[in-house]
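Below is one structure, written out as structure tokens, with a few remarks after it.
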Amino acid sequence: MDAFYRNYLARENHSVDAEVLERALESFEGVAVKFSADFIDDAKQRDNYNRNVKRVKAEVLKQVESGSISAKAGAEFCYEMRNKIMAETRAKTSVAGRAVAEKKKIISPALEKLLDEKSARQFGQKFSELSHRQQSTIHYEIIESSARPSAKFNVRNQALSTLGKVLIVVTVAYVVYDVVNAQNKAKEGIKQGAVMAGGLSGTILAGSAASLVCGPGAPVCAVALLIAGGAAAGWVASEVVEFFDDELEEFTRWRVR
């Protein structure tokens, strides 16, 4: 990315220290790739979650309507399965994505509390005070709501998936631009690869410590830690590459002979 911004700064006559800016931008390349991949994968996990809870709901409704199980048993099963599917999905979700989801709902409310909340909204009474028919209505509502998607999360995930793909394309384009415009293309390719790998590794390592440092349901802290860890590792990788600049120059010249 340095060649692109060096040319930009030259055209615009900025007084900013171009070298510092270039190194800072380079250190974020690995972070951008990691976040991009996470955005795309999190959207896939959300789609899997929606698909699985809908499948469970459809099967339970079929069993209830056929008389094989009661509405109560169906509601209890759907509630339990939704929580299990949610836990499995979050386990596969990125650190930042999981923090956002946990902020909304760390754990599901107890089924009894959920029954009372829905009963109060629909009938203005506690669940235990309802008639058998009214209780069955609430049980059916539990089954239906078990697969009811969150429009907010679905729209956000679709947007993040698209953003992730765009970020990957843009980041790769900047790296290719730098390599193509470098005097020593082999050396620049090694440099860009090392810095990106460093930033990517740093982001992954920071993610492994995010739950311990930030705790559950703290997306701002988690994202800040990921960015800081990735940028720091990318910067270190950049410094190492610069330290061995002469050796890399000789190595690449030797390679092309």
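The values are calculated or read from the model by the stated rules, or taken from the named source; none is laboratory data. As the structure is a computational prediction, the values presented were derived from the model and not from experiment. Neighbour counts run over all protein chains shown; Cβ positions are idealised from the backbone, glycine included.
Below is a table of values for the structure above.
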| read-out | value |
| --- | --- |
| Residue under evaluation Gly124, criteria (1) out of contact with any helix residue (DSSP H, G or I) (no Cβ under 9 Å at 6 or more places or on another chain); (2) under 20 Å from Ala71 (Cβ atoms), criterion not met | (2) |
| Test: residue in the stretch 210-232 that is of a type outside the set (D, E, K, R), part of a loop (DSSP other than H, G, I, E, B) and more than 24 Å from the chain's Cα centre (by Cα) | no |
| Evaluation of Asn157 against (1) farther than 30 Å from Leu61 by Cβ; (2) out of contact with any Leu (no Cβ under 7 Å at 6 or more places or on another chain); (3) part of a helix (DSSP H, G or I) (one fails), failing number | (1) |
| Any hit, the stretch 228-243, residues being of a type in the set (Asp, Glu) and either touching a Phe, Trp or Tyr at 6+ places or on another chain (Cβ under 7 Å) or exposed (fewer than 15 other Cβ atoms within 10 Å of the Cβ) (or both) | yes |
| Residue among Val179, Val240 that alone is modelled with pLDDT of 75 or more and either in contact with an Asp or Glu (Cβ under 8 Å, 6 or more places away or on another chain) or within 30 Å of Thr93 (Cβ to Cβ) (or both) | Val179 |
| Lone qualifier among Ala96, Ala87, Ala75, Ala71 - being of a type in the set (Gly, Ala, Ser) and free of Cβ contacts under 8 Å to residues at least 12 places away in the same chain | Ala87 |
| Enumeration of residues in the stretch 93-143 that are touching an Asp or Glu at 6+ places or on another chain (Cβ under 6 Å) and modelled with pLDDT under 90 | Thr93, Ser94, Gly97 |
| Single unsatisfied condition, Asp47 versus (1) modelled with pLDDT of 65 or more; (2) closer than 19 Å to Asp178 by Cβ | (2) |
| Matching residues in the stretch 54-81 - criterion: being loosely packed, with under 14 Cβ neighbours inside 10 Å and among the basic types (Lys, Arg) | Arg55, Lys62 |
| Residue count for the stretch 199-227, restricted to those that are closer than 16 Å to Phe39 by Cβ and surrounded by fewer than 17 Cβ atoms within 10 Å (Cβ to Cβ) | 1 |
| Unmet criterion (only one of (1) free of Cβ contacts under 8 Å to residues at least 24 places away in the same chain; (2) in contact with a helix residue (DSSP H, G or I) (Cβ under 7 Å, 6 or more places away or on another chain); (3) not basic (Lys, Arg)) for Val176 | (2) |
| Flag if Thr171 is without any contact (Cβ under 8 Å) to a residue 12 or more places away in the chain, not aliphatic (A, V, I, L, M) and not assigned by TED's automatic domain parsing to the domain that holds Leu61 | no |
